[in-house]
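Have a look at the structure below, then the notes.
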Amino acid sequence: MISNKFKIDDAASEMKLLSFIDDLLGVEKFSPDPERLTKWFSHFKEEFNRLNIPSIIVAGTNGKGEVSLILERYALENNLYVHLWNSPHIISVRERFSHNGNAISAIELLDYFEKSKDLTKKLSYYEFLFFVFCQSSLDKIQANPNQQHILIFEVGLGGRLDATNFFDSELAILTSISRDHTEFLGNRLADILNEKIQVTRSNGYLVCGVEQPMLKTKIKSYVGERDISLKDVTDHLREGETFKNLNFHKKNQLMAKEAFHIFWKHILKRNDAVKTSFKETVWGRPLRMTYKGCQFILLGSHNLDGIRHLAKWTNELNQMITDSSNDSNTSHHCSHSSSNFYFDEAWLSFSRQNEDDLRDCLDLIFKSPCLGREVSLTSFNHPRATKWESLMDCAKSLRGENNKKVTFEENFNHLLGKLEKKRDRKVLLAGSYYFLGSFISSLPTDSYQFE
C-alpha cells in the first residue's frame with residue numbers, strides 16, 4: 001500500500017529499477033519454499049536476534065497495509081527508528097522499502113540490486129525483494145547503533161508460508177478474514193484463517209479485528225492452546241460503539257493503536273507515556289492525485305469485503321453532501337434516489353480470481369449506485385488482471401435493472417480519453433492494486449501530482 005510520503009524524484013533511476021525487475025525477476029508469482037528461506041534468511045534472523053531488534057507482523061485479508069503505515073507513524077512519533085516492509089507496490093518497487101519514514105532512494109536500491117544480482121536466479125521475485133529489504137535494514141541498524149530500531153512486516157500473501165513469517169515476531173496483528181487468493185489459501189474461511197493465524201508465536205501477542213463469530217471462536221481456541229495473549233478489538237470499544245458502525249479506516253486506526261500500546265509496554269518494556277495521535281489529513285486515507293484538472297482518488301478494494309467497505313465509505317461521503325439521514329451510516333448500500341455524489345465517476349477493475357468471487361464483487365457493484373454518478377468496469381494490461389472476456393461473461397450472468405447503471409469499457413485508456421474533454425471531475429479508481437499501478441504507470445511522470 002502506498003502512502004502520501006512517496007514521490008518519484010529520479011525518473012532515470014526508476015526506469016533502471018523497472019528494467020532490472022523485468023529482465024531478471026519477471027512477473028511476481030507465489031512460489032514459497034521453506035528451504036530457500038532457511039538458506040538465505042537465517043543470517044538476518046540471527047543478526048536481528050543478536051542485536052535485539054523486535055518486530056511486528058501484520059496479516060489479514062483487508063486493512064493490513066493501512067495498519068502497517070499507521071504503526072510506522074506511531075513508531076516515528078515515539079522516536080523509534082522503524083523499518084517497514086509492505087507490498088505490493090503501485091508506482092515503484094521502492095514503496096516496499098521504508099526506513100525511518102522514508103522510501104529508499106532509487107540509486108541506493110539499484111546498488112543493492114546489483115550487489116545481490118546473482119540471487120535473482122536462486123530466489124523468487126518476492127523473496128529477492130524481501131532479501132534486499134532485510135539487508136538494507138541490517139545495514140542501517142548497524143550504521144545507527146544508538147537508535148532503538150524496530151521492524152514492521154506486512155505479510156504479502158497468506159501468512160504461514162510468507163517470507164515475513166520466517167522471523168519470529170512477538171506481536172502479530174490479524175486485521176480481517178475474507179475470501180481472497182483462494183487458489184493458494186483455500187475456499188473456506190476457516191482454511192484461510194488457518195493460513196494467516198500461523199504468523200503468531202507461542203507466548204506472544206495477537207491483536208485481532210476478525211468479526212465473524214465462528215472464526216473468533218477458532219481464534220480463541222488457537223491462542224489458548226499456545227499461551228498467546230489475545231487483544232480482540234471488537235471486544236474493547238468505547239461505550240455505545242459497535243465495530244460494525246466504525247468505517248474501515250477507523251477500524252484500522254483502532255487495531256494499530258491497541259497493537260502499538262502492547263508493543264510499547266510488553267515488547268519494548270517501556271513505562272513512559274506513549275504517543276498515538278493520528279492525523280487523518282495525512283494517514284488513513286486513499287492516495288490522491290490530480291491529472292489534467294481532475295482529482296483522482298485511488299483505493300485498493302480487491303475482493304468482496306473490500307467492495308463492501310468501498311460502498312459504505314462512498315455512501316458516507318454522499319451523505320455528507322446531501323445531509324441526509326444518519327441511518328445510512330450502518331448500511332452497505334445507498335438509496336437509488338440519491339442525486340448527489342461525492343465522485344463524478346468511479347472506475348473499477350480486478351485481478352484474476354475465481355468466477356464465484358468475481359461474480360459476487362460485480363453483483364455488489366451493481367447494487368451499489370452510491371459509488372459514483374457514473375460507474376465503469378474496465379480492464380488493464382497485466383498478467384494478473386482478470387481477462388476482459390471473463391469480466392463480461394460474469395456481468396452478463398447477473399441480470400437485473402441495476403446493471404444498467406454500470407457501463408463497460410474494455411480499456412481504461414478509453415475512459416482517460418473521454419475525461420480529457422472534461423474538467424473539475426472527481427474520479428474514484430478502485431479494485432486491484434495492479435490496476436491502480438497500471439493506471440499511474442500509463443501517465444507521463446510530469447503530467448500528474450500527488451496531494
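Could you name every one of the helices (runs of 4 or more DSSP H) located completely within the range 338-450 that has at least 2 residues being under 27 Å from F30 (Cα atoms)? Break it down stepwise before answering.
Details: elements: 355-366, 388-397, 412-419, 433-441.
Here the list reads 355-366, 388-397, 433-441.
Does S55 count as within 27 Å of R384 (Cβ to Cβ) and among the polar types (S, T, N, Q)? Working first, answer last.
On the way: within 27 Å of R384 (Cβ to Cβ): no; among the polar types (S, T, N, Q): yes.
In short, no.
What pairs can you find where one residue is in the range 397-422 and closer than 18 Å to F350 by Cβ and at pLDDT 85 or above, the other is in a loop (DSSP other than H, G, I, E, B) and among the small types (G, A, S), and their Cβ atoms are less than 9 Å apart, with a gap of 6+ or different chains?
Cβ pairs passing all conditions: E409/S379; E410/S379; N411/S379; F412/S379; F412/S442; N413/S442.
Looking for something in contact with a helix residue (DSSP H, G or I) (Cβ under 9 Å, 6 or more places away or on another chain) and over 28 Å from L193 (Cβ atoms) - is there at least one such residue anywhere in the range 57-71?
No.
Test each condition in (1) out of contact with any Pro (no Cβ under 6 Å at 6 or more places or on another chain); (2) closer than 28 Å to L230 by Cβ for L123 and report the one that comes out false.
Checking L123 against (1) out of contact with any Pro (no Cβ under 6 Å at 6 or more places or on another chain); (2) closer than 28 Å to L230 by Cβ, the one that fails is (2).
Which residues, taken from the range 100-112, are closer than 17 Å to C134 by Cβ and in contact with a Leu (Cβ under 7 Å, 6 or more places away or on another chain)? Quick ask: steps written out before the conclusion?
From the range 100-112, those closer than 17 Å to C134 by Cβ are 100, 103-104, 108-109, 111-112; that's our starting set.
Once the filter is applied, which keeps residues that are closer than 17 Å to C134 by Cβ and in contact with a Leu (Cβ under 7 Å, 6 or more places away or on another chain), the range 100-112 yields only L109.
The values are calculated or read from the model by the stated rules, or taken from the named source; none is laboratory data. Everything quoted here is computed from the prediction, not taken from an experiment. Glycine also receives a Cβ, built like all others from the backbone with ideal geometry; neighbour counts cover every protein chain displayed.
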